[in-house]
Amino acid sequence: MKRLLLIIGTAAFLALACTQLYNRFLNPDLQFFLKVAEASDAWAEHIHAADRPVYVLAGGSEARSSVDPQILLDEFGIPLINAGEGAGYGLQANVAMAFRYLKPGDTMVLSMLSTSDINVPSTSGGIKIAFYLMGQDMFSCGLIKPGLQNLAGLLQPDCRSFAVWLTRYFAKNGRTYKYQEKTIVHPSGWMEIQHRDMAGYKPYYVKQTVQYLTASSPLFIAALHDIKEACTARGIRLVITIPRACNLPDSQEQIIHDCLEYTQMGIPVIKDEYLGCLPDSDFFADTPVHLNAKGAREYTMMLGEALRDNRFWTRQELEDLLDNLRPEGDTTEYRAP
């Protein structure tokens, strides 16, 4: 019996060890984002050498593919570090990793792609990549809590990723992971996706769930409060930018409600007239939120002008936009809660 238990225990230990080695050194998604983090580390060293306040862009791959720090530096003299990782890692993990580059007097520019609860907590992948990049320091900003749940996430085998990788590898279909397809990671940390897969995509409409009321989830709002408090405690300014997506203009109403909620919380929102809706697939690469080179340059230029001129939405401007969007004959007076 003891021998059987020893065999079972040894097998379980070896299986766990193999999955951890796979996650650390072979998992294609994690390896790719570790690679882009290395590019940002080198760029940050260059930027911090000037000993001046910097901007750090936090978010998912929509941020990583949309903003080229080299353009901001060349065109506006704005030092920015692109710390975008994968949106699937969770808001808390992505923001925690961005804190690696921030010091008192700096500004975090948070790319706000989604306000859904499901996108807030750090996933197993988010815990892993944060630990690989930061070690125990990933707990320092308070967004990733020490505890059994996150420890389990760190040890959890990524069986689905491994199965997909094996299937695609042995199928020899040339498509292992999308980020490795015609994707260039520039020295500035900008992820240029040259792969094109938007031919059949039609812009979509993000339906508003509650008319004339903000619809952000409680978990999301609580997380945003935590991020704001973590920035305040460190003397870091927090602003929000709304990434451009291949959405129909009808989606703007919900986005305006969200921006009003951020403004009510005292978090400035960068003023971009598109309000997250760019219904032209010619500006996108392989997904409705990954800008191609043309789209990234235009968005980067907008961001540079807004940061240079301190251009943010006011509450009155957002309320006026809502008034202009409401149906004819609707006299309901909107006021942010």
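Taking only protein heavy atoms and a 1.4 Å probe, what accessible area per residue, in Å², does segment 273-324 have with all protein chains in place? With all protein chains present, segment 273-324 gives 42 Å² per residue. For segment 1-63, the solvent-accessible area with a 1.4 angstrom probe is 57 square angstrom per residue. In this rough spin-label picture, where each label sits 7 Å from Cα along the Cβ direction, the His225-Glu45 distance is 4.1 nm. Between Arg196 and Asn310, the contour length at 0.36 nm per residue exceeds the alpha carbon distance by 37.6 nm. The C-alpha atoms of segment 1-108 occupy a region whose extents along the principal axes are 71, 26, 22 Å, arranged from largest to smallest. Amide H contacts under 5 Å for Asn292: Phe284, Ala285, restricted to partners 5 or more places along the chain or on a different chain, H placed in the peptide plane at 1.01 Å from N.
Once backbone amide H atoms are built at 1.01 Å from N, Ile81 has Tyr55, Val56, Leu57 as its partners under 5 Å, excluding neighbours fewer than 5 places away on the same chain.
The values are calculated or read from the model by the stated rules, or taken from the named source; none is laboratory data. Keep in mind the model is a prediction, meaning the values are calculated, not measured. Note that we place each Cβ from the backbone using ideal geometry, even for glycine, and neighbour counts take in every protein chain shown. Note: accessible area is taken over every heavy atom of the protein model, side chains too, but ligands, DNA and RNA are not part of it. Shrake-Rupley method; radii C 1.70, N 1.55, O 1.52, S 1.80 Å.
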